[in-house]
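Every number here is computed from the coordinates shown, using simple stated rules; none is lab data. Quick caveat: nothing in here was measured; it's all calculated off a predicted structure. Note that each Cβ is placed from the backbone with ideal geometry, even for glycine, and that neighbours are counted across all protein chains shown.
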Amino acid sequence: MIEINTLATGSKGNAYHVTDGHTSLLLEAGIPFKDIRRKLNFQTSNIAACLISHEHKDHCKGLNDVLKAGIDCYMSAGTAEAIGIKHHRIKTVQAKKQFKLGTWTILPFDVQHDVSEPYGFLLMNKQGEKLLFATDTYYIRYKFPGLTHIMVECNYSIKILNENIAAGRVPRVMKKRLLRSHFSLENVKDFLRSNDLKKVQEIWLLHLSDNNSDEEFFKREIQELAGKMVVVP
């Protein structure tokens, strides 16, 4: 059974711990490793690996210490080059080529963000559960059959963003970047509509904007659409 633990989410840092009861993984290392250890009650010796989606600091700023702790870190070649850390525990993987980590089979896939080579990850375990992890993307071009768990960015609502711009609370230039780099509530809903959600047990909405989101509204909208348990950490 998959268990998800949000250690940090948002523009100040992202880190998540997932386990299927056999193999534990970190998704992102965007906070100091000492904070990751503390949030996991110092139970980090069983972490098999860390997956890094892209090079922005709020997703990889703790990477050096994760590597020093003896944890292999998997990412695209473009992300590794952009981060610029040379270490034998940095493992580069290719989009749409599966690899195994303990009891997990992992499929990286390309996403759309304003960085060199960002990835999302599909994690599958031996029990047949499938966890989708996708953050910092404005669009997902793929469909994923048989998902049981979804962890997806839901950064902003275009309606709230437009209201903030009209009121002068958010600079207009911000809109152009958000539209080409982050997942809006509206695009998340389109993504969910295009996928078969029959087996989905829970949907986690990640990386909400401080200014351009509304936690209760987002949760209600996705629950009404999907009819599934929605978690906003």
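Some points to look at:
- For segment 3-231, DSSP calls about 50 percent of its internal beta bridges antiparallel.
- Rounded to the nearest 20, the Cβ-based charge dipole of segment 3-231 about its Cα centre (Lys and Arg +1, Asp and Glu -1) stands at 340 debye.
- Near Gln201, once Lys and Arg are set to +1 and Asp and Glu to -1 for all other residues with Cβ below 15 Å from its Cβ, the sum equals -1.
- Among beta bridges from DSSP that stay inside segment 1-108, the antiparallel ones total about 55%.
- Considering only alpha-carbon pairs that sit under 8 angstrom and 6 or more positions apart, the relative contact order computed for segment 3-231 is 14 percent.
- For the chain, Kirkwood radius (reciprocal of mean inverse C-alpha pair distance, Å): 17.9 Å
- Cα-Cα over 18 Å, subset of Lys12/Lys96; Lys159/Lys189; Lys12/Lys228; Lys12/Lys175: Lys12/Lys96; Lys12/Lys228; Lys12/Lys175
- Stretching Asp190 away from Asn162 to a fully extended chain increases their span by 8.1 nm, per 0.36 nm per residue minus the current alpha-carbon distance.
- Within the chain, helix-based [θ] at 222 nm, where runs of 4 or more DSSP H residues each add -39,500 (n - 2.57), nearest 500: -7000 deg cm²/dmol
- Entries of Lys39/Lys100; Lys100/Lys130; Lys34/Lys68 with Cα pairs more than 19 Å apart: Lys39/Lys100
- Put a dot 7 Å past the Cα of Lys126, heading toward its Cβ, do the same for Asn5, and the two dots end up 2.2 nm apart.
- Sorting Phe99, Phe42 from the fewest to the most surrounding beta carbons within 10 angstrom yields Phe42, Phe99.
- Label-point separation, Arg220 to Lys12 (7 Å along Cα→Cβ), nm: 2.6 nm
- Gain upon complete extension [Lys96, Ser45; 0.36 nm per residue less C-alpha separation]: 15.4 nm
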